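A short write-up of the structure that comes next.
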Amino acid sequence: MDNRISANIICKNEIDNIGKCINSVLDYVYEVIVVDTGSTDGTFEYLKELEKNNDKIKLYCKEWNNNFADMR
């Protein structure tokens, strides 16, 4: 049986923290799924660069609609 763990991160305007967050789980998971909910501080652009350099990172952008369940 192939067991895989995915880390799911929902973020907005976390340019100062997102790299450290992702790096803290990267060695332990099969993939890191990041949903950016409309960052305006450069977080999304930073994440695009991370995604280009690491096959484990999957980046999505979804507009925040005040519903955390939708983002998950």
* Flag if Glu45 is of a type outside the set (Gly, Ala, Ser), modelled with pLDDT of 95 or more and in contact with a Cys (Cβ under 8 Å, 6 or more places away or on another chain) -> no
* To do: Please go through region 18-45 and pick out each residue that is closer than 24 Å to Ile5 by Cβ, surrounded by 10 or more Cβ atoms within 10 Å (Cβ to Cβ) and not β-branched (Val, Ile, Thr).
  => Gly19, Cys21, Asn23, Ser24, Leu26, Tyr30, Glu31, Asp36
* Confirm whether Asp55 is exposed (fewer than 11 other Cβ atoms within 10 Å of the Cβ), at pLDDT below 95 and out of contact with any helix residue (DSSP H, G or I) (no Cβ under 8 Å at 6 or more places or on another chain). => no
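The values are calculated or read from the model by the stated rules, or taken from the named source; none is laboratory data. None of the values given here were measured: they were computed from a predicted structure. Note that we place each Cβ from the backbone using ideal geometry, even for glycine, and neighbour counts take in every protein chain shown.
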